[in-house]
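Below is one structure; the comments refer to it alone.
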Amino acid sequence: MADENGILYLCATPIGNLGDVSKRCIEILGSVDLIAAEDTRRTLQLLNHFGITKALTSYHEHNKKAKGEYILKLLKEGKNVAQVSDAGTPAISDPGEDLVRLCIENGITVTSVPGPVAGITALVLSGLPTGRYAFEGFLSVNKRHRREHLQSVRNDTHTLIFYEAPHKLRTTLEDMRQVLGGERRIALARELTKVHEEIIRTTLDGAVEYYSGKAPRGEYVLVIEGAREAQPEPEECFWSGMSAAEHVEHYISRGMDQKEAVKAAAADRGVPKREVYNEYHNR
Ligand code: SAM
């Protein structure tokens with residue numbers, strides 16, 4: 001019996017240069033019943049550029065649960081839906097992943113209209129090994145989680161790919177330097193496929209230095225050389241196996257008073273002093 005459900009099309013759109021949209025992508029966007037867009041205004045600009053008039057609905061991080069059910073209902077009624085993210089390939093560091101899973105669980109056919117991905121575009125331009133790589137997406141805004149994430153890949157020999165926003169770039173580079181080591185090579189790929197595309201190939205020391213005198217601008221992909229061999233624990237993270245209370249005790253044993261020790265431990269861990277203080281006193 002023929003499948004009476006509709007199809008979910010994951011449509012990759014340009015990451016900057018509108019010329020990168022595929023012919024098939026335009027055809028699919030023009031033929032589906034509905035386009036689910038992460039940012040409807042941005043997608044509307046794309047549709048207008050190609051003269052496509054089509055019903056749009058928003059599907060993003062904050063409405064993905066309810067909207068996912070709505071889209072599923074339409075697919076079950078036989079409607080075809082295209083999913084489009086802000087830029088690049090849906091489901092790569094954007095909410096598309098959840099819709100794909102929901103559709104698969106409900107027996108809906110999901111297919112891809114492939115195209116640009118910022119991470120792969122940066123990887124091939126980085127000059128770093130492309131044979132084995134690990135896509136790491138965005139680091140957390142929480143300092144402790146960010147450093148834990150970096151710790152977890154410190155000995156990984158794959159080339160590492162990260163996404164980063166310009167306002168967080170300096171902090172991220174500093175954390176990367178501390179955890180991964182300043183000599184690691186890095187390629188910072190910004191404004192890919194756009195007029196001001198730039199690839200800065202340097203080391204983590206060099207990148208920190210470069211941005212100490214220059215404001216980061218545009219969208220970035222950071223491609224970092226994998227570990228060459230097991231890295232020794234960096235001095236900054238001598239405390240990684242300690243509880244917060246042990247961390248405070250460590251500083252006290254080195255001559256600090258309690259207040260200084262709580263402050264130093266909180267700074268190392270990137271958490272509020274109050275949190276460390278409470279753990280120390282409830283130990
Ligand atoms: N789905 C997208 C993809 O396929 O790459 C990624 C979406 S993610 C929300 C957005 C991030 O991708 C940006 O913060 C930046 O790190 C990266 N990015 C997107 N476009 C870029 C570009 N033209 N140049 C450099 N990085 C870009």
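Checked across segment 44-55, the condition of being touching an Asp or Glu at 6+ places or on another chain (Cβ under 6 Å), in contact (Cβ under 8 Å) with a residue 24 or more places away in the chain and open to solvent by 50 Å² or more (accessible area, probe 1.4 Å) holds for no residue. Which numbered condition trips up Thr111, out of (1) modelled with pLDDT of 95 or more; (2) over 20 Å from the mean Cα position of the chain (by Cα); (3) farther than 29 Å from Lys67 by Cα; (4) of a type in the set (S, T, N, Q)? With respect to (1) modelled with pLDDT of 95 or more; (2) over 20 Å from the mean Cα position of the chain (by Cα); (3) farther than 29 Å from Lys67 by Cα; (4) of a type in the set (S, T, N, Q), Thr111 is out only on (3). Might you let me know whether segment 82-89 holds any residue that is away from the ligand (no atom under 16 Å from the Cβ) and surrounded by fewer than 16 Cβ atoms within 10 Å (Cβ to Cβ)? No, segment 82-89 contains no residue that is away from the ligand (no atom under 16 Å from the Cβ) and surrounded by fewer than 16 Cβ atoms within 10 Å (Cβ to Cβ). The listed residues are Glu197, Glu209, and the only one of them that is under 22 Å from the mean Cα position of the chain (by Cα) and not basic (Lys, Arg) turns out to be Glu197. The residues of segment 92-117 that are open to solvent by less than 50 Å² (accessible area, probe 1.4 Å), among the hydrophobic types (A, V, I, L, M, F, W, C) and near the ligand (Cβ under 9 Å from one of its atoms) amount to a single one, Val117. The requirement of being more than 15 Å from the ligand (Cβ to nearest atom) and assigned to a strand (DSSP E or B) is fulfilled nowhere in segment 162-178; no residue meets it.
Across segment 158-183, the qualifying residues are those that are over 24 Å from Ile92 (Cβ atoms) and either of a type in the set (D, E, K, R) or without any contact (Cβ under 8 Å) to a residue 24 or more places away in the chain (or both), and the one among them that is surrounded by the most Cβ atoms within 10 Å (Cβ to Cβ) is Arg177. Candidates in segment 223-276 are the residues that are modelled with pLDDT of 85 or more, of a type in the set (Asp, Glu) and assigned to a loop (DSSP other than H, G, I, E, B); of these, the one that is farthest from the chain's Cα centre (by Cα) is Asp257.
Is one or more of the residues making up segment 198-216 within 28 Å of Gly131 (Cα to Cα), among the polar types (S, T, N, Q) and within 16 Å of the ligand (Cβ to nearest atom)?
Within segment 198-216, not a single residue is within 28 Å of Gly131 (Cα to Cα), among the polar types (S, T, N, Q) and within 16 Å of the ligand (Cβ to nearest atom).
In segment 118-135, of all residues being among the polar types (S, T, N, Q) and within 15 Å of the ligand (Cβ to nearest atom), the one that is most open to solvent (accessible area, probe 1.4 Å) corresponds to Thr121. Number of residues in segment 1-39 that are more than 16 Å from the ligand (Cβ to nearest atom) and either assigned to a loop (DSSP other than H, G, I, E, B) or out of contact with any strand residue (DSSP E or B) (no Cβ under 8 Å at 6 or more places or on another chain) (or both): the value is 13.
The values are calculated or read from the model by the stated rules, or taken from the named source; none is laboratory data. All values derive from a computational prediction rather than experimental measurement. Every residue, glycine as well, gets a Cβ built from its backbone with ideal geometry; the counts of neighbours run over all protein chains shown. For the accessible areas, the whole protein counts, side chains as well, though only heavy atoms, and no ligand, DNA or RNA atoms are used. Shrake-Rupley method; radii C 1.70, N 1.55, O 1.52, S 1.80 Å.
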